[in-house]
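K.L.:
I am attaching a structure below and will ask some questions about it afterwards.
The values are calculated or read from the model by the stated rules, or taken from the named source; none is laboratory data. These figures come from a predicted structure and were not determined experimentally. With ideal geometry, Cβ positions are generated from the backbone for all residues, glycine too; neighbour counts draw on all protein chains shown.
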Amino acid sequence: MRSVGSRLERRTANQGPLVLTERLHRIGLRAWQFQLSSMGAVGLCIGLWIRAKTVDQDERGNAERRAIFVGLWPPTIWLIGDSLAEQERRRGKR
């Protein structure tokens with residue numbers, strides 16, 4: 001059984017270490033899946049925000065914080081998708 005270290009040592013200097021995007025690509029995740037998830041998170045945030053406006057005043061603060069928390073996800077998820085797209089483009093050039 002080979003260790004992770006031996007696999008990293010075999011890589012050339014210009015490739016660098018195994019990065020998150022390469023690992024995500026190897027397990028079968030693609031850029032479009034992350035971009036679709038990002039748009040879904042936007043929809044979820046909007047839904048939570050609308051719901052926050054319908055609850056009573058005592059629960060409104062917590063509901064709004066939940067919507068804002070979910071609203072922080074889309075940029076991160078989208079950027080992971082962009083990184084995966086770049087990884088896919090690099091793999092296509094090889």
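K.L.:
Select the helices (runs of 4 or more DSSP H) contained entirely in the chain, then report the ones holding at least 3 residues which are at pLDDT 90 or above and not small (Gly, Ala, Ser).
P.N.:
Here the list reads 31-54, 57-71, 73-93.
K.L.:
Could you grab me the full set of residues in segment 35-65 that are of a type outside the set (Gly, Ala, Ser), closer than 28 Å to Leu24 by Cα and either touching a residue at least 24 places away in the same chain (Cβ under 8 Å) or surrounded by 15 or more Cβ atoms within 10 Å (Cβ to Cβ) (or both)?
P.N.:
The answer is Gln35, Met39, Val42, Leu44, Cys45.
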